[in-house]
Amino acid sequence: MTNSQNSPENAPDPAFLASLTTWLKSAAPQIGVPVSLNKFSTGQSNPTYRLQTDLGTMDGRFVLRTQPAGLLLKSAHAVEREYRVMKALATSPVPVPDMIIACDAPDVVGMKFFIMREVDGETLFDPALASYSVDDRRALFYAKIEVLAALAAIDPVAQGLEGFGKPTGYIDRQFATWTRQYRASETETIAAMEFLITELPACLDREIPGFCIIHGDFRLDNLLIRNRTEVAALIDWELSTLGPAFIDLSYWCAMLRMESSWPIGGLGGINRASLGIPDEAQLVSAFCAKTGLDRPANWEALIAFQCFRFASILQGVLKRHLDGNASADNAASVGGQARLVAMLGADILSRYLRKTI
């Protein structure tokens, strides 16, 4: 987490650091004494800070992740789930930061939090990877497929995640959850969202193959990249759960369909082949080859579902901005993208429905 585009700023109240320091002296003395705590400027959900201790250099660099201040939606900002899943994955092929300690008592600093070791890696935000060579672009895209395939191959129970999610009913639960979250964050009527909420349930396959750990927000800026083509860590596991193997892949593919000009942009309108970037069919084919699974027949409806889900997430970002407790500086523009993403999803679902009539 050492990228200049995601540099820490905005030190918290000194009382926050003082309370944290007192708690750490007994709870985690091995990480040293905190000397500074600075907030990263990006990250839309859970505030994230670089914690520097007196151990010096990288040995003394940690990351503190907390719930945001203010009234929280039920089941949102589950930092304890992030900590649990990354700690469980420490012995797996999926790269994650080393977990240090978690605190579920909100009275220490005012909210739940956890601390992990900082990873030496870069956060990227441009899915077109403009500064990359053709070969490096292709290599990084397929490196991401390797991570997804590795995640899909893990037995959640054997990895210590029994009870982390229910073995069946993922699609219906997610649809109900994100409809509820959207209604709780709704600031205006978005016709495309109403269309998706009405039409999606009849289109979604409840028998998507595979059962695995789901990251829940698999996209470029939740990966830390080292040496240009190596995934050093997969971070931001707040939305993680258990469910079908194609959920993370379909979410990433939906993200890539978004227009490149949007605040959180994709590759819409960009000639992927000229940049050496695999197209969607190639990414899906590579994942299927690695996992031995077949692509769901209703793939387009699943992409529309992921647009609905992401639009609901963005609406929550906008609502937190309007309520004054947004985590990132660009929350207004990012949250305002909810309508655009919903419109994309509605268009995809409309075309899918026309083909199935």
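Each reported figure results from applying straightforward, stated rules to the coordinates on display, with no laboratory input. As the structure is a prediction and not an experimental result, all values here were calculated from the model. Counting neighbours? That spans all protein chains shown, and the Cβs are built from the backbone with ideal geometry, glycine included.
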(request) With label points built 7 Å along Cα→Cβ from the Cα atoms of Ala18 and Glu162, find their separation and express it in nm. (result) 4.6
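How high is the relative contact order of the stretch 42-182, given as a whole-number percent (alpha carbon pairs under 8 Å, six or more residues apart)?
20
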(message) Using a Förster radius of 25 Å, what is the FRET efficiency between Ser285 and Asn325 based on their Cβ-Cβ separation? Nearest 0.05, please.
(response) 0.05
(request) Would you please classify the overall shape of the chain from the alpha carbon gyration tensor, given that a ≥ b ≥ c denote the square roots of the eigenvalues, rounded means a/c under 1.5, and beyond that prolate means a/b larger than b/c while oblate covers the rest? (result) prolate
(message) Using Cα springs under 10 Å in a Gaussian network model of the chain, which residue among Ser131, Ser240, Ser45 shows the largest mean-square fluctuation?
(response) Ser131
(message) Quick check on the stretch 85-167: take the gyration tensor over C-alpha atoms, sort the square-rooted eigenvalues as a ≥ b ≥ c, and tell me if it's rounded (a/c under 1.5), prolate or oblate.
(response) oblate
(request) Measure nothing but the geometry: give the 0 to 90° angle between the long axis through the Cα atoms of 280-291 and the longest principal axis through the Cα atoms of the chain, rounded to 10°. (result) 70
(request) Counting other beta carbons within 10 Å of each Cβ, put Lys87, Lys25 in order, fewest first. (result) Lys25, Lys87
(request) Give the long-range amide H neighbours of Val35: residues separated by 5 or more places, or on another chain, with amide H under 5 Å away, using H modelled in the peptide plane at 1.01 Å from N. (result) Gln52, Thr53, Asp54
(request) At 7 Å along the Cα-to-beta-carbon direction for both Asp136 and Ala28, put a label point, then send me their distance in nm to one decimal. (result) 3.2
(request) Name the shape class, rounded, prolate or oblate, that the alpha-carbon gyration tensor gives for the stretch 200-357, where a ≥ b ≥ c are the square roots of its eigenvalues, rounded holds for a/c under 1.5, and otherwise prolate holds if a/b is larger than b/c and oblate otherwise. (result) rounded
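Work out the FRET efficiency for Asp347 and Ser36 from their Cβ-Cβ distance, taking R0 = 56 Å, and round it to the nearest 0.05.
Values: r = 47 Å, r/R0 = 0.84.
Once the sixth-power term is evaluated, E becomes 0.75.
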(request) May I ask which of Lys87/Lys290; Lys87/Lys112; Lys112/Lys144; Lys166/Lys290; Lys39/Lys166 have a Cα-Cα span longer than 23 Å here? (result) Lys87/Lys290; Lys112/Lys144; Lys166/Lys290; Lys39/Lys166
(message) On a straight-distance basis, which lysines could pair with Lys319 in a cross-link, Cα separation under 18 angstrom, same-chain partners fewer than 8 positions away excluded?
(response) Lys74
(message) Per residue of the stretch 121-131, what does 6.51 cos²θ - 1.76 cosθ + 1.60 with θ = phi - 60° give for ³J(HN,Hα)? Whole Hz please, x for Gly and Pro, Karplus curve as stated.
(response) x, 10, 8, 10, 10, 9, x, 7, 6, 4, 7
(request) Kindly provide the helix-only [θ] at 222 nm of the chain, computed as the sum of -39,500 (n - 2.57) over DSSP H runs of four or more divided by all residues, to the nearest 500 deg cm²/dmol? (result) -13000 deg cm²/dmol
(request) Within the stretch 259-357, list the trypsin sites (Lys or Arg not before Pro) lying in a DSSP loop whose Cβ has at most 13 other Cβ atoms in a 10 Å radius. (result) none
